[in-house]
Each structure stands twice: as structure tokens, then as C-alpha cells.
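See below for the structure under consideration.
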Amino acid sequence: MFPFTYTKAADTRAAVAAGQRGGRFIAGGTTLVDLMRETVERPDTVVDISGLPLGEITTTRSGGVRIGALVRMSDAAADRRVRNTFPVISQALELSASAQLRNMATIGGNIMQRTRCTYFRDVSAACNKRAPGSGCAALEGFNRSHAILGGSSQCVATHPSDVAVAFAALEASVHLLGPDGERGVPFTEFLLRPGNTPEREHALRPGELITAVEIPAHPRPLRSGYLKVRDRQSYEFALTSAAVALHLGGGVVRAAKVAAGGVGTVPWKLTAVEQRLLGERPSDRLWTAAAAVAADDAEPLAHNEFKVELLKRTVERQLRVVGGTR
Ligand code: SF4
């Protein structure tokens, strides 16, 4: 370890001020402490925000759900409003990490967690995300778990969160508090693709604090669910995943919200799949045809060509499950 200063924020204003001075926010600590132990992250100051009043789940006036940034993953997954309205969120959370980690980690921390690329966590390896300009060991190295969508010549690391995939599918927004006040950012714009600046991973400005994630109301009844495909059935990150939400009415698909995980540098909204579903009658043939376009933009690497077919099958299976024709 290395020396650093620890402070505890008394309120949100103090947290923002400390963040502006370069402090790193910490709550559950399940990601940052690991990275500090491995010296991947070396903050001078750690600002403990765990005492801030950001731990509430509320129903919005329009019928959406607002989850405070400091709500624990396990509490969000078990919340009756979340379970009843958006089971895809509960399922994504329950398929993440371990029970112990879910009891500690927060919603805000979950979406801010950093990639599991092994080269990123090996300080002796070239990594543009950790050390800009140093190169990317994964491009020429072992890249089985890396992205087939949204990568660049600088970085091809996947975003590891499961619940972020559900948030992307449901078109959630991230609420922020910063030196200039409050603002909201669409979830699909909050996490950034690597481009030429893979070290920039999110839309937060200096000092900004995530206060909540809000999921808007969707037409009801909304069926939804999350499927995660991985090398082992617990405590493992996704090779592919699919978050699916469907509103069926009058015998056709009236609304379709679909996103994929484990395949993109950010949670990947599958707009083409959604478009293919709208207005069509649910059937096995429809699920297959819609899922067939899921990987149209894929650019597989040397060791992850298998993800192209796996993504299509993951999406198809989850459409079948949620759509009710399995
Ligand atoms: Fe670093 Fe990204 Fe390359 Fe991994 S894929 S080594 S995180 S630059």
C-alpha cells in the first residue's frame, strides 16, 4: 500500500468540494480498495461518502423508480418496487458478484466499477486506460473476454457491470450533483466508449457526485428479465448477457427495450433488435430474426469470435423467455 489521506464527507456539499480538490469517492469500497492494494489506483485523498443521505428507493410521480446512489446492491435487488416493476434489475443484481459483495457494494459504485481486463490490473503490462499512451497489451495478447462492440485501437475492455446493462435497456438516467448544481445524464451517454481517450470512462465533471439512478415509467404490463452467460455459474463476469423488457398489447410487441453486456466497451443498447421487434406478433420466428441482427456491428478479436454467435443466442433465448413462447 501507499500513504493517502482519508476524510469522511459530512454532507453532499462537502463531498462535492472534496471531489473538486481531487478526492476519490468511496462508499462500499469493493472496487477501489482492491485497485489501491494492487496500486492500479493511487489517490492522494479518499473521501468516504457512505454517510450521505443517498440510500433511498422511491417511486416517481410518473411511475418510475429512483434508486439512491448509496443503496446497496442486495437492498435494491430485494426491494418490492424494483422487483415488481423491473424484475430485470433485480435479476441482474442477483447474478452479480457474491452475496457478501452485494451486501457492501452500492448502485453508484457498481456503475462506476472499472474493467476486469487483466492487463489493466497488472501494473507491469501496457495499458492505455491505466497509463495513457503506453499501449494496449490486450490487442496483441489474450483477448477472449474483451469487447466485440465499441472498441478502438486504444482499448477493447468490456464494462463489467450487470445492472448497468438493465439500466441501459430501460433508458435510465443518472442524477448528478456538482459545483454547478444538479443535472441528469441519459444512462447511455454516461459511460463513454474508449475512442482515443480510454482513461475517460464516464461523463462526470470534476467534483460531481452520483446521487441516484432513475428508471422512467414504461408501458404496462412490462415483462422483463436478465440472462447472463459465463464460464461458471457464480461469482463470474459475463461472456455475454441480455437485458430484455417487452410490452405486448393487441397481440403484438408494442415496446421493446434490449441491451447486451459482456460484449461492449459500454453496456450495449441493441437498437436494431428493438426496431425489428416493434409491431410484430410474438413468435419463435420473430425472436430468431430479431436476435440475428444483435451482432451486426461486431468486430471480434483473435480470441473472442465465439461471442458473435453467443450474443445472438443469448438475446434470442431471453426474448423467448420474456416474450412467453419458450
Ligand atoms: Fe488497458 Fe483497455 Fe488494453 Fe485492457 S483493453 S490493456 S484496459 S487499454
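The values are calculated or read from the model by the stated rules, or taken from the named source; none is laboratory data. Here the structure is a predicted model, which is why all the values come from computation and not from measurement. So basically every Cβ, Gly included, is an ideal-geometry build from the backbone, and we count neighbours across all protein chains shown.
Observations, loosely collected:
- Segment 202-220: number of residues that are free of Cβ contacts under 8 Å to residues at least 60 places away in the same chain and over 17 Å from Glu171 (Cα atoms): 2
- Verdict on Glu316 being in the same structural domain as Val252 (by TED's automatic domain parsing) and either surrounded by fewer than 18 Cβ atoms within 10 Å (Cβ to Cβ) or among the aromatic types (Phe, Trp, Tyr) (or both): no
- In segment 228-253, the residues that are surrounded by 24 or more Cβ atoms within 10 Å (Cβ to Cβ) and among the hydroxyl-bearing types (Ser, Thr, Tyr): Thr240, Ser241
- The set of residues from segment 164-205 being touching a Gly at 6+ places or on another chain (Cβ under 7 Å), closer than 26 Å to Gly133 by Cβ and away from the ligand (no atom under 16 Å from the Cβ) comprises just one member, Arg205.
Residue-by-condition table, conditions (1) of a type in the set (D, E, K, R); (2) over 23 Å from the mean Cα position of the chain (by Cα):
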site: Ala14; (1), (2): no, yes
site: Met36; (1), (2): no, no
site: Arg42; (1), (2): yes, yes
site: Ser62; (1), (2): no, yes
site: Arg66; (1), (2): yes, no
site: Arg72; (1), (2): yes, no
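- Considering the conditions (1) of a type outside the set (Val, Ile, Thr); (2) touching a helix residue (DSSP H, G or I) at 6+ places or on another chain (Cβ under 7 Å); (3) within 29 Å of Gly23 (Cβ to Cβ), Leu204 is excluded by exactly one of them, (2).
- Of all residues in segment 93-123, those satisfying the criterion of being within 12 Å of the ligand (Cβ to nearest atom) and surrounded by fewer than 21 Cβ atoms within 10 Å (Cβ to Cβ) are Arg114, Arg116, Thr118, Arg121, Asp122, Val123.
- The condition of being within 25 Å of Asp284 (Cβ to Cβ) and either in contact with a strand residue (DSSP E or B) (Cβ under 8 Å, 6 or more places away or on another chain) or not assigned by TED's automatic domain parsing to the domain that holds Ala92 (or both) holds for Thr240.
Residues are listed down the side, and each one gets a yes or a no for (1) more than 21 Å from the chain's Cα centre (by Cα); (2) part of a helix (DSSP H, G or I); (3) not assigned by TED's automatic domain parsing to the domain that holds Phe167:
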residue: Val266; (1), (2), (3): no, no, no
residue: Ala272; (1), (2), (3): no, yes, no
residue: Arg276; (1), (2), (3): yes, yes, no
residue: Gly279; (1), (2), (3): yes, no, no
residue: Arg285; (1), (2), (3): yes, yes, no
residue: Ala289; (1), (2), (3): yes, yes, no
residue: Ala295; (1), (2), (3): no, no, no
residue: Ala298; (1), (2), (3): no, no, no
residue: Leu301; (1), (2), (3): yes, no, no
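- Filter pass, Gly151 being over 10 Å from the mean Cα position of the chain (by Cα), away from the ligand (no atom under 16 Å from the Cβ) and modelled with pLDDT of 95 or more: no
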